[in-house]
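Below is one structure, written out as structure tokens; the observations come after it.
The values are calculated or read from the model by the stated rules, or taken from the named source; none is laboratory data. Predicted, not measured: the structure shown is a model, and the values here were computed from it. Every residue, glycine among them, receives a Cβ derived from its backbone with ideal geometry; neighbour counts consider all protein chains shown. For accessibility, only protein heavy atoms count, side chains too; no ligands or nucleic acids. Shrake-Rupley method; radii C 1.70, N 1.55, O 1.52, S 1.80 Å.
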Amino acid sequence: TRARFKQVIDPEDFYLHQRFMREEIPGLFNLEFNKGIWEQGHVCPKAIDEQILLVTLNKRNHGKEHRYHDYFIDSNTFHWQSQNRSSPANSSGQKIINHETEGSNVHLFVRKHKMAGKKAAPFVYLGQVSYQKHTGAEPMNVVWKMSEGLSKSLLTEFVR
């Protein structure tokens with residue numbers, strides 16, 4: 001039944017623009033939460049051929065070495081800065097650059113702040129993104145094209 005249903009409606013469509021706590025995100029991919037893996041910003045689970053970007057836009061409370069420069073260029077384009085060890089020459093950078101030719105989908109989850117009051121803030125699922133270009137190394141500055149643009153309310157939430 002799920003296979004027939006997926007042919008008609010992709011379950012990811014139901015998740016689009018929905019909010020998820022970090023611990024809930026692995027379940028969307030039929031995976032289990034492992035804090036060591038899912039506390040990173042670029043998750044590449046071995047069990048599936050998917051990549052997940054978990055981005056917090058406001059990094060004021062992050063350590064200086066973790067203040068990556070992530071922002072929306074417009075409602076359809078996102079600038080993401082990789083971890084400091086990623087470069088076009090290593091496997092991490094190659095996974096990003098070649099995700100489409102290797103058949104790996106990249107999913108973008110974004111939140112404005114790390115905390116909402118005294119609790120962790122949820123991430124908003126913004127759908128799949130595709131690599132457009134990059135500059136630099138360690139970290140790489142990557143431009144992603146979003147498969148679904150931001151709604152006006154999300155654009156206001158994330159940009160202002």
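Computed about the Cα centre, the dipole magnitude for the chain is approximately 660 debye when only Lys and Arg (+1) and Asp and Glu (-1) carry charge, each at its Cβ.
What the Cβ-Cβ distance of residue 98 and residue 32 gives, at R0 = 30 Å and to the nearest 0.05, is a FRET efficiency of 0.65.
Along its principal axes, segment 76-160 has C-alpha extents of 40, 27, 21 angstrom, given from the largest down. Stokes-Einstein at 20 °C, 1.002 mPa s, Kirkwood radius from Cα pairs: D for the chain in µm² s⁻¹? My calculation gives 131 µm²/s for D.
Note that the chain presents 58 Å² accessible area per residue, ligands and nucleic acids not counted, probe 1.4 Å. Applying both filters, DSSP loop and at most 10 other Cβ atoms within 10 Å, to the trypsin sites (Lys or Arg not before Pro) of segment 83-157 gives 118. For segment 120-160, the convex hull spanned by the alpha carbon atoms encloses 117 Å³ per residue. If I compute solvent accessible area with a 1.4 Å probe over the protein chains, what percent of it on the chain is carbon and sulfur? The value for the chain is 49 percent carbon and sulfur by accessible area. Report for segment 48-160 the percent antiparallel among DSSP-assigned beta bridges with both residues inside it, nearest 5. Within segment 48-160, antiparallel bridges account for around 75 percent of the total. Report the paramagnetic label zone for residue 48: residues of segment 70-105 whose backbone N is under 11 Å from a point 7 Å from Cα along the Cα-to-Cβ axis. Inside the label zone: 105.
Which is the longest run of the chain containing none of the GluC sites (Glu not before Pro) found in DSSP loop states (not H, G, I, E, B) with at most 13 other C-beta atoms within 10 Å? Between the exposed loop sites, the longest stretch runs 40-99.
Its residue count N fixes a reference of 2.2 N^0.38 Å for segment 33-122, and the Cα radius of gyration divided by that reference is 1.13. Measuring between their Cα centroids, segment 98-160 and segment 74-92 lie 11 Å from each other.
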